[in-house]
1. Net charge near Gly101: determine it from the other residues with C-beta under 10 Å of the C-beta of Gly101, scoring Lys and Arg +1 and Asp and Glu -1.
2. With the dipole of the chain worked out from charges on the C-beta (+1 for Lys and Arg, -1 for Asp and Glu) around the Cα centre, which of Gly93, Ile77, Tyr63 lies farthest toward the positive end?
3. Using 1/(1 + (r/R0)^6) with R0 = 25 angstrom and r between the beta carbons of Val17 and Lys37, what's the FRET efficiency to the nearest 0.05?
4. Write down the accessible area per residue of the chain in Å², having rolled a 1.4 Å probe over the full set of protein chains.
5. Within the chain, which is the longest segment that contains none of the chymotrypsin sites (Phe, Trp or Tyr not before Pro) sitting in a DSSP loop with at most 16 other Cβ atoms within 10 Å?
6. What's the FRET efficiency of Asp56 with Val29 using the Cβ-Cβ distance as r and R₀ = 41 Å, to the nearest 0.05?
7. Ignoring ligands, DNA and RNA, please state the percent of accessible area on the chain from carbon and sulfur, probe 1.4 Å.
8. For the stretch 1-91, which trypsin sites (Lys or Arg not before Pro) pass both filters: DSSP loop (anything but H, G, I, E, B) and at most 11 other C-beta atoms within 10 Å?
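The values are calculated or read from the model by the stated rules, or taken from the named source; none is laboratory data. Treat the numbers as computed from the prediction; the structure is a model and nothing was measured. Virtual Cβ from ideal backbone geometry, glycine too; neighbours counted across all protein chains shown. When the accessible area is computed, the model is the full protein with side chains, heavy atoms only, and any ligands, DNA or RNA have been set aside. Shrake-Rupley method; radii C 1.70, N 1.55, O 1.52, S 1.80 Å.
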Amino acid sequence: MIIRPDRGFTLIEVMGVVCIVGLIFAIAVPGYFKFNKTSKAVACVANLERIDAAIDQWALDNYVQAGTSISGSGEDIYSDYVRGGTPKCPEGGEYTLHAVGVNPQVTCS
């Protein structure tokens, strides 16, 4: 059996691998952040649609006319008509309920 004293990687090979890994990382990170931002926006829109549907159902069940303002914070609507209770904004914002027939809004800091 022949023992070779020159086992291992050369400096050029190691630098090549580091450059390739860095290039892959540089391509992947911006895509991840864009995906993360897009997914939060989609989740927020889905929450707004759920809230709007809950308000409509609440108005039908309680014979409330369109344009009637919602009193309080709407916790009774959230607890009775939204599965899981009050939706949480993925960006930490607050959902605002104005009136029946008016789209709910979100205010993010």
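1. Working: positive: none; negative: Asp52, Asp56.
Here the count lands on -2.
2. Value computed over the given set: Gly93.
3. Numbers: r = 31 Å, r/R0 = 1.25.
Efficiency, rounded to the nearest 0.05: 0.20.
4. Numbers: 8480 Å² over 109 residues.
Result: 78 Å² per residue.
5. Details: sites that count: Phe9, Tyr63.
Here the longest segment lacking exposed loop sites spans 10-62.
6. On the way: r = 41 Å, r/R0 = 1.01.
With a Förster radius of 41 Å, E is 0.50.
7. Values: 5330 of 8480 Å².
Carbon with sulfur: 63 percent of the solvent-accessible area.
8. Details: sites: Arg7, Lys34, Lys37, Lys40, Arg50, Arg83, Lys88; in loops: Arg7, Arg83, Lys88.
Passing both the DSSP loop test and the Cβ count: Arg7, Arg83.
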